[in-house]
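J.: Once you've had a glance at the structure underneath, I'll fire off some questions.
The values are calculated or read from the model by the stated rules, or taken from the named source; none is laboratory data. Keep in mind it's a predicted model, so treat the numbers as computed, not measured. Quick reminder, even Gly has a Cβ in these numbers, built from the backbone with ideal geometry, and neighbours come from all protein chains shown. To get the accessible areas, we keep the full protein, side chains included, count just its heavy atoms, and leave off ligands, DNA and RNA. Shrake-Rupley method; radii C 1.70, N 1.55, O 1.52, S 1.80 Å.
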Amino acid sequence: MKKPFSRICFLALLTLLCLVMLASVSVGSAELSMWDGLRILLHKIPFFGEAWEISDIGDVYETIIWEVRMPRVLLSALTGGALAIVGAAYQGIFLNSLADPHILGVSSGAALGATIAMLTGASVRFLGLGTVGIFAFGGAMVTVILVCAVANTGSGMSAMHMLLTGTAVSTMLSAAISLLMTFHHDQIAKVYLWTMGSFSAASWEKAGFLSVFVLIGAAVFVAGAGKLNLMLLGVEEAKCLGVDTLRLQRIFILASSVLVAAAVSVSGIIGFVGLIVPHCVRILCGPDNRKVMPYGLLSGAIFLVICDTAARTIAAPTEIPVGVITSLFGAPYFIALLLKKRRRQR
């Protein structure tokens, strides 16, 4: 009997992620070999690092690798993993293969919060987040509360109500952003770049902030993956099998919303990661969410690290917003997915 979760596959993906991250920190305007990059990283490990001599590399390269590139690579990996695992959770909860992490309007709320921060020029800092990140996180959370309050019919929140409410609220918030931009033309470029996503302002504090949410969110999703499998049979069938579907929906939606809010607050809006990565994992590993969740987490991290590396190196010294790179991959895949779904319906 096959185990639902293969340690070999997990370790293979984890190894690939480590190699991709190592390659990413070694690539850039100040290029190093992967071996030198590895030596610098190993040198930073407490107690163990003293055995690795890096005097031949130089202090400048050490600073570039450890203070500039490593926080960025780590943050992109955490963001990619967060978006991918939330996408898998939403697709299971809403029984909709086209659901993605931004479907409930969280990204629009974050964008409105970030826009307000940029226009007001406020200066706040907390847990490694600057003003824009704090306002973005706050805007995302207010949006989640608003969507849940409107979609709650008293007897619970149906998936259809949630999706429709999320779409309506997202449209309303996007209109509010457009209205604000009408009166502040000088800030349009800054807001636009933020909405396309970037890790250029990455720091160890932001990586630490997001890692807490990713660890807690991943634990929630992996623990509930078995029950989510039963929901694939249908809500009524899952209830008959002993699953409290309403409670599971609430826990997953709350965990997903908080995780997306945290990810968007440190990176801006990055589309398609939560849509295409879970689908690719399902194609390779099957529909079992006990596999999709952990494999999606690592695959999303690998995918976004590669995309961010491409974003900062393809047109160097100019940096392309990472959301542009993910959209170039994601949009054709999304169209192919729609065409495949239409053929099945026929």
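J.: Of all residues in the stretch 32-47, which are assigned to a helix (DSSP H, G or I) and open to solvent by 70 Å² or more (accessible area, probe 1.4 Å)?
T.: If the condition is that a residue be assigned to a helix (DSSP H, G or I) and open to solvent by 70 Å² or more (accessible area, probe 1.4 Å), then Met34, Trp35 are the ones that fit.
J.: Hey, can you tell me all the residues within the stretch 216-234 that are in a helix (DSSP H, G or I) and either touching a Pro at 6+ places or on another chain (Cβ under 7 Å) or surrounded by fewer than 16 Cβ atoms within 10 Å (Cβ to Cβ) (or both)?
T.: Ile216, Ala219, Val222, Ala223, Gly226 - these are the residues of the stretch 216-234 that are in a helix (DSSP H, G or I) and either touching a Pro at 6+ places or on another chain (Cβ under 7 Å) or surrounded by fewer than 16 Cβ atoms within 10 Å (Cβ to Cβ) (or both).
J.: In addition: Open to solvent by 60 Å² or more (accessible area, probe 1.4 Å), touching a residue at least 24 places away in the same chain (Cβ under 8 Å) and of a type in the set (Gly, Ala, Ser): which single residue out of Ala207, Ala201 fits that description?
T.: After applying the criteria, what remains is Ala201.
J.: Pull up the stretch 264-288, narrow it to residues that are under 10 Å from the mean Cα position of the chain (by Cα) and open to solvent by 30 Å² or more (accessible area, probe 1.4 Å), then point me to the one that is nearest to Phe213 (Cα to Cα).
T.: That would be Ile269.
J.: Now for a separate question. Open to solvent by less than 80 Å² (accessible area, probe 1.4 Å) and touching a helix residue (DSSP H, G or I) at 6+ places or on another chain (Cβ under 6 Å): is that true of Thr313 in this structure?
T.: Answer is no for this residue.
J.: Assess whether Lys190 counts as being at pLDDT below 85 and not in a loop (DSSP other than H, G, I, E, B).
T.: yes
J.: From the set of residues in the stretch 235-246 that are in a helix (DSSP H, G or I) and surrounded by 12 or more Cβ atoms within 10 Å (Cβ to Cβ), which is modelled with the lowest pLDDT?
T.: Val235
J.: Of the conditions (1) more than 15 Å from Met196 (Cβ to Cβ); (2) assigned to a helix (DSSP H, G or I); (3) at pLDDT below 90; (4) of a type in the set (A, V, I, L, M), Ile306 satisfies every one except a single condition; which number is it?
T.: Ile306 satisfies every listed condition except (3).
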